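Inspection log for the structure reproduced underneath, given as structure tokens.
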Amino acid sequence: MPQYFVNAEHERPDFRLVITYLWHDFFNVDTDGDSYNPASRKWTQLYIRNRQDDSQIVDIDPATDDPLILRVESKQEYLATTIASLLPGSGPKGPDPLDGQITG
């Protein structure tokens with residue numbers, strides 16, 4: 001599964017903007033994560049599934065906590081790349097903190 005690692009030292013976009021960036025406003029998705037309210041920019045975990053196409057799933061979670069590096073993964077590489085590019089600090093780049101290999 002394609003994975004990208006993003007240095008997440010800055011706040012993330014409101015998770016609703018992530019959905020809009022991928023599809024459009026009010027798109028029918030299932031989400032889960034650790035956002036304490038929809039406008040929070042401090043989330044570190046986000047799961048998004050397109051309810052119209054179960055193959056379109058994005059999962060974002062911390063690969064490391066200090067420094068905060070988020071792992072962005074999806075079976076659909078374009079989804080992982082798009083989200084990794086959206087996140088501040090960003091872009092699909094950097095060393096994989098789990099095994100030292102370069103991604104992106």
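The values are calculated or read from the model by the stated rules, or taken from the named source; none is laboratory data. Quantities reported herein were computed from a predicted structural model and do not represent experimental measurements. Note: ideal-geometry Cβ built from the backbone for every residue, glycine included; neighbour counts use all protein chains shown.
Okay, here's what the table says:
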{"item": "Residues of the stretch 1-20 that turn out to be in contact with an Asp or Glu (Cβ under 7 Å, 6 or more places away or on another chain) and surrounded by fewer than 20 Cβ atoms within 10 Å (Cβ to Cβ), as a count", "result": "3"}
{"item": "Tally of residues being in contact (Cβ under 8 Å) with a residue 24 or more places away in the chain, among the aromatic types (Phe, Trp, Tyr) and over 21 Å from residue 78 (Cβ atoms) across the stretch 9-65", "result": "1"}
{"item": "Meets criteria (surrounded by 12 or more Cβ atoms within 10 Å (Cβ to Cβ) and of a type in the set (A, V, I, L, M)) for residue 63", "result": "yes"}
{"item": "Strands (runs of 3 or more DSSP E) contained in the stretch 1-86 and holding at least 3 residues of a type in the set (Asp, Glu)", "result": "57-65"}
{"item": "Selected residue (criterion: surrounded by the most Cβ atoms within 10 Å (Cβ to Cβ)) from residues of the stretch 21-40 that are acidic (Asp, Glu) and either closer than 21 Å to residue 64 by Cα or modelled with pLDDT of 90 or more (or both)", "result": "34"}
